[in-house]
Structure formats: structure tokens, C-alpha cells
Amino acid sequence: MSVMADTRSLEGLRERIERAGYYPDLVAEAVETSLAGEPIESYLVHQETTFDGEEVRRHVTVLVLTPTRLLVGHTDDATEPGGGAPVATTSTEAVPVSSVRSVVVTRVVPDPARHVPGTPPQEVTLTVGWGAVSRIDLEPASCSDPDCEADHGYTGTSTADDLPLRVSGTADGPDAVAQALEFARALSAATAAAVRR
């Protein structure tokens, strides 16, 4: 069955979560609760494994687009204090589609001089921003006088903490890249429709 054929059903979403293989019952329960009975317009499931010293950590992100909301689910490995039994933390956030401020799609294409339109990229990074969290980096302000000892206060930058997801054809497979592009297209269309309302 084609990946593109089943990006709107709860069964297809559940199958993708199970294929990720990371506590599928826990992840599916959290996402299905957040759906609150709304139909699915599109979804993206991304499982990532990282190495932290001698520990292997797994993380799964599930993005679900409904007619009114973007659901963002995260599930991570954790350990209890003192090296106890492993635990998982799972959280979901529901963002109104009208609050999504940016959808950025970065494509990595090998040998761009020979690129044929319609050929999938080697990897895709999808970055979604809705302004929920910003990071402020401050540092002491200074002037150009090297002998100045005055207090010039602080200067800094405010940066939105967007959600980036990198999907690689090599690591995740070409179907995962296609699913990421399809989800990005659906989310972009939904945000454009929200702006027109």
C-alpha cells in the first residue's frame, strides 16, 4: 500500500506509530485522546534514536493536522532518579491552525545540476513555528571605547523556539521523506486557508 494513500485515517496513523516501534500503545493513546474525535487531514510520525554517552535514547514526534488544529505529540525515554527503572514521558500540545506562523521546508538535493522536477529530495527538514516559546539570549552591552568602564546594560536577541524535524531518505527511507513533504503541503494549505478566513 502506498504511503500517500492512507494519510488521513486513524488506522493509518496507528499503523505508522506501530511501525516506529516506540511504545506504540502509549504514543497512540496520547495522540488519540488529543484528537477528541476530530477527523485527520494529514499526519507525520518521526522516530529518532540518539546516543548520549553510553545510553541510547529514543524519541518519537507525532504531528497530526485536523480541520482546526495542529496536534504535536512528543514521547521520550527517561530514567527515574537514582538509576531506577526506565520511564517514558509523553506530552501533547494542540495548536489552532490559525496560530501557526511559519512552515519552513528545507530540501537537500544531491547533484542539483541534474535535478529532475518531481524527484524526491535526499532529505527534508520541516520547521513549524507558532510562537509558543521564545528564547532570549542576553549579554552585557559594551561600547567601542576599550577604556570605558561604564555599565551599558544588556543587549540580546529573542529567538522563536520552533519545532524542527529532519527526515532523511538514507536513515528513514524514501517513504518517510514523501510523508514529510505531504504533511508540509497539507499544513501549508491549512495555514493559507486560515489566513483567508
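The values are calculated or read from the model by the stated rules, or taken from the named source; none is laboratory data. Just so it is clear, the structure is predicted and the values come from calculations on it, not from any experiment. All Cβ positions, glycine included, derive from the backbone under ideal geometry; neighbour counts span all protein chains shown. Accessible surface is based on the protein model in full, side chains and every heavy atom, while ligands, DNA and RNA are left aside. Shrake-Rupley method; radii C 1.70, N 1.55, O 1.52, S 1.80 Å.
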Note on the range 169-185: residues small (G, A, S) and buried (at least 16 other Cβ atoms within 10 Å of the Cβ) are G169, A176, A178, A180, A184
In the range 109-122, anything in contact with a Pro (Cβ under 7 Å, 6 or more places away or on another chain) and open to solvent by 60 Å² or more (accessible area, probe 1.4 Å) is listed as P120, Q122
A careful count of residues in the range 12-46 that are in contact (Cβ under 8 Å) with a residue 60 or more places away in the chain and within 14 Å of D76 (Cβ to Cβ) gives 5
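Evaluate the following for D151: is it over 30 Å from E182 (Cα atoms) and modelled with pLDDT of 80 or more?
Yes, satisfied.
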Every listed condition ((1) within 29 Å of V108 (Cβ to Cβ); (2) open to solvent by less than 50 Å² (accessible area, probe 1.4 Å); (3) at pLDDT below 90) holds for S188 save (3)
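Can you tell me which residue within the range 72-87, out of those that are open to solvent by 40 Å² or more (accessible area, probe 1.4 Å) and in a strand (DSSP E or B), is modelled with the highest pLDDT?
Checked the range 72-87; the qualifying residue modelled with the highest pLDDT is H74.
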Pairs returned, first residue in the range 53-71 that is over 18 Å from T90 (Cα atoms) and open to solvent by less than 60 Å² (accessible area, probe 1.4 Å), second residue that is at pLDDT 85 or above and small (G, A, S), beta-carbon separation under 7 angstrom, 6 or more apart or interchain, are L65/S42; L65/A186; L65/A190; R69/A94
Within the range 2-48, restricting to residues that are open to solvent by 40 Å² or more (accessible area, probe 1.4 Å) and among the basic types (K, R), the one that is modelled with the lowest pLDDT is R8
Checked the range 129-148 for anything at pLDDT 80 or above and touching a Ser or Thr at 6+ places or on another chain (Cβ under 7 Å); matches are G129, W130
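May I ask you to verify whether E93 is modelled with pLDDT under 95, under 26 Å from L187 (Cα atoms) and surrounded by fewer than 16 Cβ atoms within 10 Å (Cβ to Cβ)?
It is true that E93 is modelled with pLDDT under 95, under 26 Å from L187 (Cα atoms) and surrounded by fewer than 16 Cβ atoms within 10 Å (Cβ to Cβ).
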Expected output for the range 105-129 (first residue in a helix (DSSP H, G or I), partner of a type in the set (D, E, K, R) and exposed (fewer than 15 other Cβ atoms within 10 Å of the Cβ), Cβ below 6 Å, 6+ apart or cross-chain) is none
